[in-house]
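Nothing in this text is a laboratory measurement; each read-out follows from the coordinates by a stated rule. Source: prediction; values computed, not measured. Cβ coordinates were reconstructed from backbone atoms using ideal geometry, including for glycine residues, and neighbour counts include every protein chain displayed.
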Ligand code: SF4
């Protein structure tokens with residue numbers, strides 16, 4: 001029987017980068033192929049978008065994947081699903097031309113300098129990219145129902161580059177999508193800048209925002225070493241306020257992450273400080289663990305046993321303390 005593959009993001013994802021559209025924000029498992037995760041160039045409203053071309057490219061790749069051919073930039077990605085002709089679900093809607101997952105990555109402005117930043121290379125090459133006016137694009141996506149909430153009411157908007165909460169129009173981005181009927185957002189923030197809008201949406205029951213803050217440390221010194229800014233106390237203060245807001249709706253909508261960076265924050269002592277701080281002082285109800293991407297890629301995904309033990313340890317503490325827990329991308333593929 002022929003093995004068939006699919007990825008829901010290949011079919012319906014749109015990563016809005018500062019100079020192009022991509023299928024997703026990933027390709028982390030095929031770093032050399034990352035640039036091929038590309039759909040069309042786009043640098044703002046002067047570039048007219050040919051949506052037939054966008055979906056034509058997507059459909060071709062979707063078809064190839066169904067025939068067993070995985071695009072090189074997807075190889076090893078944990079989002080790939082496998083099925084065959086006898087499976088009850090044949091995912092024919094993968095050929096429908098709509099977007100239901102948007103990652104906003106048109107700017108890499110940030111108020112920290114994390115040593116592991118996804119944008120690091122971009123920043124080195126292009127310096128800070130302030131981003132174009134993204135609203136005409138959002139308007140087009142919503143008005144033409146390319147971002148289609150009828151096809152998928154669970155459609156999602158995610159902020160995926162730089163520090164979103166310092167974007168001048170961060171609040172307006174949330175507003176335009178909420179006005180368009182969108183209910184689901186994901187926000188990856190460093191937590192340095194307090195966003196009143198984030199606090200408000202966290203407390204709402206009719207709109208859902210998942211806020212993930214990578215604290216990565218249990219102490220000011222280690223935080224400073226990773227983020228290159230002395231803002232540990234501010235972040236803790238903001239986490240506490242967000243946690244309080246999330247308790248008014250779903251407490252686990254605020255998550256705090258620990259990205260293990262070998263030789264930087266990989267001691268049990270630091271992990272314990274982080275766990276105790278998050279659980280006991282900041283009253284966070286959802287914790288996440290991951291491994292630093294650049295280190296992971298450099299080591300071809302070979303993770304030493306002591307790091308795996310620490311990941312298991314974090315998970316076990318969460319189970320014991322009745323805290324929701326999740327492994328993210330790199331840690332997830334280890335199948336611990
Ligand atoms: S399989 Fe992974 S890399 Fe490929 S489009 Fe899907 S999420 Fe992106």
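Put simply, the chain fits an ellipsoid with semi-axes of 32, 24, 20 Å; these come from the alpha carbon gyration tensor as the roots of five times its eigenvalues, largest first. Angle of helix 232-246 to the longest C-alpha principal axis of the chain, folded into 0 to 90 degrees and rounded to 10: 60°.
Pairs of Cα atoms nearer than 8 Å and 6+ residues apart set the relative contact order; for segment 131-278 it is 21 percent. Seen against the Cα atoms of the chain and their longest principal axis, helix 170-179 is set at about 50 degrees. Principal semi-axes of the equivalent ellipsoid, √(5λ) from the alpha carbon gyration tensor of segment 83-223, are 29, 19, 17 Å from largest down. The modelled label-to-label distance between residue 172 and residue 206, using points 7 Å beyond Cα along the C-beta direction, is 2.3 nm. Here the spin labels are modelled as points 7 Å beyond Cα on the Cα-Cβ line, and at residue 250 and residue 96 they lie 2.2 nm apart. Taking each residue as 0.36 nm, the span from residue 53 to residue 334 lengthens on full extension beyond its C-alpha to C-alpha distance by 97.5 nm.
May I ask you to derive the relative contact order of segment 4-333, considering only C-alpha pairs under 8 Å and at least 6 residues apart, and to give it as an integer percent? Each step should come with its number before you reach the end.
Values: 564 pairs, mean separation 44.9, N = 330.
RCO, segment 4-333: 14 percent.
Fewest neighbouring Cβ atoms within 10 Å first, the residues 292, 281 line up as 281, 292. Note on 187, 167: ascending count of other Cβ atoms within 10 Å places them as 167, 187, the fewest first. Annotation: the antiparallel percentage among DSSP beta bridges lying fully within the chain is about 20.
Once both labels are positioned 7 Å from their Cα atoms along Cα-to-Cβ, the gap between residue 151 and residue 267 label points is 5.2 nm.
Ranked by how many other Cβ atoms sit within 10 Å of their own Cβ, fewest first, the residues 202, 149, 26 fall in the order 149, 26, 202.
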